[in-house]
Structure formats: structure tokens, C-alpha cells
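Worksheet: one structure, shown below.
The values are calculated or read from the model by the stated rules, or taken from the named source; none is laboratory data. Source: prediction; values computed, not measured. Here Cβ is always computed from backbone atoms with ideal geometry, including for glycine, and neighbour counts include all displayed protein chains. Ligands, DNA and RNA are stripped out before the accessible areas are found, and what is left, the full protein with its side chains, is counted by its heavy atoms. Shrake-Rupley method; radii C 1.70, N 1.55, O 1.52, S 1.80 Å.
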Amino acid sequence: MKNQQELDKPSRRTLLKLVAATGAWQLASPFIIKARADTPIKFGLCNPLTGTYAQLGKNEQIGCELAIEQINAKGGILGRPVSLVVEDSTSADTGAAVQKARKLIERDHVNFLLGNVNSAMALAIGQVSNELRTLHIVTGGHTDAVTGTDCHWNVFRVCNTTRMETNSVSKLLFDKYGKRWYFITPDYAFGHTLQQGFEASLKQFGGTEVGASLTPLGATDYSSYLIKAQAANPDVIIFLTAGDDAVNSLKQAVQFGLDKRFHLAGAQQELEVLEGLPPNARIGTWVFEWYWNQPNVPHVAQFVADIRRKVGRVPTARHWFGYASVWTAALVANQEKTLDAVKLAHALEGFKLPPEIGLMPYTPFYRAGDHQLMPSLYVGHAVEQGPTPEDLFHVDTVIKGEDVALPVQQTGCHITWA
């Protein structure tokens, strides 16, 4: 019979099990720690991938993807890899956009929210990101209220306000083409504030609004609106449509021969639209928010090459919107060494984009009072065919964003910090 000392002594089998278990723990521990460190930092993109703004939304996504590739190649954010989670907001269903934004934050646990092309959606998902205390960068929704009356401490915007766009081109149109204007206006926030900006300019210069047509998103037949515009006998017909709506409205205007009687113009114009138009409809005076042909601006050629490598074409402003938005968050997070949304929002006030991200003549920066990026604006005219098949816009002048933006005290923005 064994004595108590022998009973208390662990058996050889027990010792082997203990050693094996200890060895397994020692081997597993570093991998557990590494796995935790490698948990990706997530960007959530809520943008239209279907409908009239689908191409614009997809190009912003491509810009985001390029930025993420580059950030990961440079070590990620805070030493962690970066990933992108994408949801289709649709082009016109704001309720769907809100649900998708909430899903990205609450279920996918994204660290940063991006989007939207549609201004009404940008406003709506800004409410969601503010409620859920998530840093949110609006990529391509232009209506003034995003960084104006509906501004939030956590929301920043890369694209221009509508007032910046109208202010940059109004005087040129008034002086060169006449003071009687007719508006073709999409019937939602973006179109409304663009028209209001032009109306403010007309009032300032002593011009006349001879009429306006409100058009639904996704319209395919603009004949009734164009007939009314023609009957009003304006000097300038101002097209405020975007995406596929801009293609349809401008193409039909030329089919009606309106370009032979009136000057066709507007504020925001995009390479996606000019590419979608027949050559004879690539006309008019417009504002680009970024343009690929900037031979004297450092780093632009490399960005053009990088996008061409991904998609086989030159970048548009939408590619740059997505690219600059992702890099903004990455740069400030690595600078501040935190993911805390409040700390990052404070750090972004006055934050300047470096030349390899800004990609424009004047250094873009986020204005402290309203969180609006102050970039360069490119005023010029569309061309039927440029020096190369992809060069469809001639830049006549480049304007500083702060020179055409409303002063902060006039935007209606009063930021309340969390």
C-alpha cells in the first residue's frame, strides 16, 4: 500500500500533461497577443452603388481602396492593418442609407464612417454618426448644411459646399454671358442650395431669375423642363443636375438646339459626366473640384498613374474625394496616436493635407469653425475633344477655397462638443 507522500507525488503522465499544456500556452500566448494587435482598423463607406449616382459612388470607393493599400504598405494605423467595409446606400432612398450607416457602426464596428454622394443622405447619416460618436468624413455630399446649420463636432467634409461652387463661377457668368438666368434644379437638398447660391449672386449683381424647373432624381425625359427654359428666353441656362441626370439633361438640351441660342453652364461638373456625353454636348462653363491634368503640381502624376493601374483610366474628383478622406483619418490618428473620436476631431481643426494627399496648388486644410475643407477650385470650360482623349476640361483659373467660402459666422454652424 502507497504512503501519503507517494500519493501526493504527481505521476509521470500527469507531469507530461502539465509540461505539454505549459508549452502550448507559451507557444499560443505570442500569437494571441499578435492577433489582437493585428485586429484591423475599419473604415465604413456608405455610398450609392446603384442608381443615378452609382458611378460617382464607385469611384469614391476606388479612391478609398487605393488609400488603404498605401496606408497598409506604410504600416497601417497605430501599427494595425486597415480594411474597408462598403454598403450600398442607393442613390435616392435616405432611409436605406441611415440603416446602412447604423449597421456599419453598431454591427461592423467601424472606427471611421465615410459618405455620402447624395447630400440628403450625407445630412441624415451625419445625425447617426453624431449619435454614435463616430468620426465621419463626408466624401461627396455638397449641400451647405452639412458644415453649416446641421454641422456636428464629429463631421468633416472633403468636397466643396454648394456656395463655394456658385461663388467661384457666378461673376464670370454674369459678366461674360448675361444677367438673365434659368435653372434646371434637382429637387432635393443639393439642388436647392446650389440654386440659392446662384440666386444670392444674382441679387448681388443685379441680375434676374427668369424661371426654374425642379426635376426628380433619376429623370430620363427633360423635354418639358427644357421647353419652359426656352420660353423664358434667358441669357444662361444653369444646369444643377449631377451624375446620370446631368448626362441626360445636357444631352437633351443639345438635341433641342438650346446651345445655339443660350449659354449652358452650371457649378459642379465632373469627368464622369463629360465622358458620358456625346462630344457635341461637352460644352459650357463649370467648376471642377479636382482635375487630373495638373502638370506643375507635385505628386499628381503619381496619383494618376496609381489610379490608372487600378482601373485603366485617369482619376476623377470622386477618386480624390475617397482617397483624401481615408488618408485624412489615417494621418490624424497616427499623429495623435489614438482612435478617440473627440480627440481626433479637435486635432483636425486647422489640419493641413500634405502635398502628396492634397494634390492641388493651394494647400487644403479643414477650417476650424465648421470642419469644411478649404481646397482649390478649378473654373473653366468643357471641350469636345482635348489634347488627349481623356482631357475634356480646360482649366481657366484656379481659386482658393477660402476666397469663395462663406465666413464661418454666416454658415449657421455652431459646433457643440461631446
(request) Scan 131, 106 and give me the residue that is under 26 Å from residue 50 (Cα atoms) and surrounded by fewer than 24 Cβ atoms within 10 Å (Cβ to Cβ). (result) 106
(request) Quickly run through region 144-163 and pick out the residues that are among the polar types (S, T, N, Q) and more than 14 Å from the chain's Cα centre (by Cα). (result) 149, 154
(message) Looking at 314, 404, can you tell me which residue is in contact (Cβ under 8 Å) with a residue 12 or more places away in the chain and outside the structural domain of residue 55 (by the TED database)?
(response) 404
(request) Inspect region 243-260 for any residue being over 22 Å from residue 316 (Cβ atoms), within 23 Å of the chain's Cα centre (by Cα) and not β-branched (Val, Ile, Thr) and give the result as yes or no. (result) no
(request) Identify the single condition in (1) at pLDDT below 95; (2) buried (at least 21 other Cβ atoms within 10 Å of the Cβ) that residue 59 does not satisfy, given that it satisfies every other one. (result) (1)
(message) For region 315-330, give me each residue that is in contact with a strand residue (DSSP E or B) (Cβ under 7 Å, 6 or more places away or on another chain) and over 8 Å from residue 67 (Cα atoms).
(response) 317, 325, 328, 329, 330
(message) Of the conditions (1) part of a loop (DSSP other than H, G, I, E, B); (2) over 23 Å from residue 116 (Cβ atoms); (3) open to solvent by 30 Å² or more (accessible area, probe 1.4 Å), residue 396 satisfies every one except a single condition; which number is it?
(response) (1)
(message) For region 233-249, give me the residue count where each residue is open to solvent by less than 10 Å² (accessible area, probe 1.4 Å) and more than 15 Å from residue 191 (Cβ to Cβ).
(response) 2
(request) Within region 224-233, identify whether any single residue is at pLDDT 95 or above, over 29 Å from the mean Cα position of the chain (by Cα), charged (D, E, K, R) and over 22 Å from residue 116 (Cβ atoms), and answer yes or no. (result) yes
(request) With respect to residue 292, determine if the residue is open to solvent by less than 10 Å² (accessible area, probe 1.4 Å) and under 21 Å from the mean Cα position of the chain (by Cα). (result) no
(message) Looking at the structure I just gave you, is residue 140 on the phi < 0 side of the Ramachandran plot, in contact with a helix residue (DSSP H, G or I) (Cβ under 7 Å, 6 or more places away or on another chain), in the same structural domain as residue 45 (by the TED database) and among the small types (Gly, Ala, Ser)?
(response) yes
(request) Run down 367, 318 and say which single residue is open to solvent by less than 10 Å² (accessible area, probe 1.4 Å), among the basic types (Lys, Arg) and within 22 Å of residue 143 (Cα to Cα). (result) 318
(message) Any residue that is open to solvent by 40 Å² or more (accessible area, probe 1.4 Å), touching a helix residue (DSSP H, G or I) at 6+ places or on another chain (Cβ under 9 Å) and of a type outside the set (A, V, I, L, M, F, W, C) - is there at least one of those in region 181-191?
(response) no
(message) Among the residues in region 147-160, are any open to solvent by 10 Å² or more (accessible area, probe 1.4 Å) and of a type in the set (Lys, Arg)?
(response) no
(message) I'm checking my understanding of the structure. Among residues of region 321-357 that are among the small types (Gly, Ala, Ser) and in contact with a Leu (Cβ under 9 Å, 6 or more places away or on another chain), which one is surrounded by the most Cβ atoms within 10 Å (Cβ to Cβ)?
(response) 322
(message) Among the listed residues 338, 363, 316, identify the single one that is of a type in the set (Ser, Thr, Tyr) and either in contact with a His (Cβ under 6 Å, 6 or more places away or on another chain) or closer than 30 Å to residue 177 by Cα (or both).
(response) 316
(message) Any residue at all in region 174-182 that's farther than 18 Å from residue 404 by Cβ, basic (Lys, Arg), without any contact (Cβ under 8 Å) to a residue 60 or more places away in the chain and in a strand (DSSP E or B)?
(response) yes
